[in-house]
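No value in this document is a laboratory result; all are computed from the given coordinates. Quick caveat, the model's predicted, so the values are computed rather than measured. Counting neighbours? That spans all protein chains shown, and the Cβs are built from the backbone with ideal geometry, glycine included.
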Amino acid sequence: MPGTLIKSRLLRTALAAAALASSAPGWAVLAPEPSSVAQLPVRPSPHWVWINDMDFDSMPDGKAYLVDGDTGRMLGMLSTGYSFNSVLLPKRPGVIYSPETYYSLGTRGTRTDVVTVYDAVHLSPMAEIAIPPKRSSNLAMSAAAALTDDDRFLLIYNFTPAQSVTVVNTLTRKLVGEVGIPGCALVYPTGPRSFFSICSDGSLLVTRLADDGNAASRVHTDRLFDPIKDPLTEKGVRLGDTWLFSSFGGTIYPLRSTSRGIERGPTWPLFTRRELASHWRTGGLQHLALHRATARLFTIVHQGGLETHKGPGTSVWVYDVASHRKVGQIRLRHPATSIQVSQDSRPLLFACFLDSKTLDVYDGSSGRYLRSVPDIGATPAVLVTP
């Protein structure tokens with residue numbers, strides 16, 4: 001009985017204090033904030049950009065942020081799981097593909113890998129396609145997954161450390177199977193049923209798929225670069241039937257897909273002898289971008305010593321691919337490790353730094369700084385435009 005009496009008195013005291021507090025000056029009863037649900041246009045703006053964030057400080061919680069480059073406004077976000085790499089945008093708008101990894105206990109437990117198919121208008125999950133739990137967990141890079149040229153098959157690089165590619169049929173939304181690529185890495189599409197991977201000996205492995213998505217053939221090229229004297233970075237960009245790669249020393253390697261396979265075109269230097277003497281180098285996580293209509297190649301550059309190919313850049317230099325000449329130079333407002341350019345007639349250049357949370361936007365033609373978008377993610381990495 002005494003205990004009950006004490007509890008009753010304490011309850012009355014707490015209720016009286018709450019009533020007094022709610023009527024005291026400075027306290028206000030606020031109405032609930034109105035909520036609204038927005039949707040995006042069916043056709044994306046060419047000036048939108050996806051900032052993919054694997055979140056190094058909290059790797060189970062990767063995200064992808066959608067930003068409008070014209071206004072600097074964030075339009076939406078996707079939650080994309082552990083060791084996230086990048087979303088993939090098919091040519092026909094309407095859906096977004098995202099290879100993702102989850103663990104049953106958050107940071108441990110049973111691993112589940114899926115391709116999540118998102119509705120591009122509402123940014124909501126539409127479907128999940130189960131894939132083998134072996135998707136490569138690596139520093140984010142654009143060639144870790146890709147769509148074939150007709151968007152029919154999604155290719156996902158695996159590393160266990162055995163190397164292979166998971167093939168997913170995007171029409172049936174089912175797993176096709178797995179293609180072995182021993183000694184080679186990543187995926188670079190060369191047509192509706194073909195892709196190549198870069199091999200450790202300086203050759204390429206060209207894989208052709210049958211119409212059902214299974215491997216029809218796998219052929220090694222001759223050695224196309226020297227992986228010891230001047231290795232290539234894996235950060236290629238594509239212009240028609242040709243992939244362009246930069247070596248650590250600043251030489252561009254054009255790798256052209258033909259009916260006979262992959263052929264190397266004439267290489268050309270990004271830097272003059274004087275610029276090399278001043279230690280100008282390429283560097284970054286996504287250091288090349290290409291405006292296809294004008295064949296302008298954008299590259300992040302910095303001054304540094306050997307083995308600084310991952311370092312941030314202070315400038316972006318612009319080259320004409322046809323003449324191999326430098327035609328522009330953009331001084332960056334902030335250091336950058338990733339760049340991307342929109343593909344319209346008024347291109348925007350986007351730049352971000354892995355160790356910063358700021359997205360910078362420039363006029364892609366004049367190089368004029370336009371705006372910065374702060375507080376985007378934790379470790380912004382791969383940039384993707386429609």
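Using θ = phi - 60° in the Karplus curve 6.51 cos²θ - 1.76 cosθ + 1.60, the 3J(HN,Hα) couplings for the stretch 113-125 round to 10, 9, 9, 8, 9, 9, 6, 6, 8, 9, 6, 10, x Hz; x is entered for Gly and Pro. Work through the residues other than residue 134 whose Cβ is under 15 Å from its Cβ and net out their charges, Lys, Arg +1 and Asp, Glu -1. Surrounding charge for residue 134 is -1.
With helices as the sole contributors, the chain gives -2000 deg cm²/dmol at 222 nm; each DSSP H run of n ≥ 4 counts as -39500 (n - 2.57), and the sum is divided by every residue. Each of 57, 375, 68 was scored by other Cβ atoms within 10 Å of its Cβ. Listed from fewest to most, they are 57, 375, 68.
Working value for the stretch 196-300: equivalent-ellipsoid semi-axes of 27, 16, 12 Å, each the square root of 5 times a Cα gyration tensor eigenvalue, largest first. Find the percent of Cα-Cα distances in the stretch 288-386 that exceed 20 Å, and round it to a whole number. In whole percent, the long-distance tail amounts to 34. Each residue of the stretch 266-271 is assigned a 3J(HN,Hα), and the resulting list reads x, 6, 8, x, 7, 10 Hz, derived from the Karplus form 6.51 cos²θ - 1.76 cosθ + 1.60 (θ = phi - 60°), x at Gly and Pro. Placing unit charges on the Cβ atoms only, positive for Lys and Arg and negative for Asp and Glu, gives the stretch 234-277 a dipole magnitude near 80 debye about its Cα centre.
When the alpha carbon gyration tensor of the stretch 75-213 is reduced to an equivalent ellipsoid, its three semi-axes come out at 23, 19, 13 angstrom, largest first. By the rule of a C-alpha distance below 13 Å, with chain neighbours fewer than 8 residues away ignored, the aspartates and glutamates paired with residue 229 are 201, 307. Packing, as the average of other Cβ atoms within 10 Å across residues, places the peptides 150-158, 289-297 in the order 150-158, 289-297, highest first. Comparing 54, 291, 365 along the charge dipole axis of the chain, the residue lying farthest to the positive side is 365, per the Cβ-charge model. Rg/Rh, computed from the Cα trace of the chain with Rh as the Kirkwood radius, has the value 1.10.
Rounded to the nearest 20, the size of the Cβ-charge dipole of the stretch 61-203 about its Cα centre is 240 debye, with Lys and Arg at +1 and Asp and Glu at -1.
The C-alpha atoms of the chain define a longest principal axis, and helix 2-23 lies at about 70 degrees to it. Summing Cβ point charges (Lys, Arg +1; Asp, Glu -1) relative to the Cα centre of the chain gives a dipole of roughly 320 debye.
Across the options 330, 67, 169, the greatest Cα extent toward the positive end of the charge dipole of the chain (unit charges at beta carbon of Lys, Arg, Asp, Glu) belongs to 330. Cross-linked pairs 91/235; 91/357; 91/326; 134/357: Cα-Cα separations exceed 23 Å for 91/357; 91/326; 134/357.
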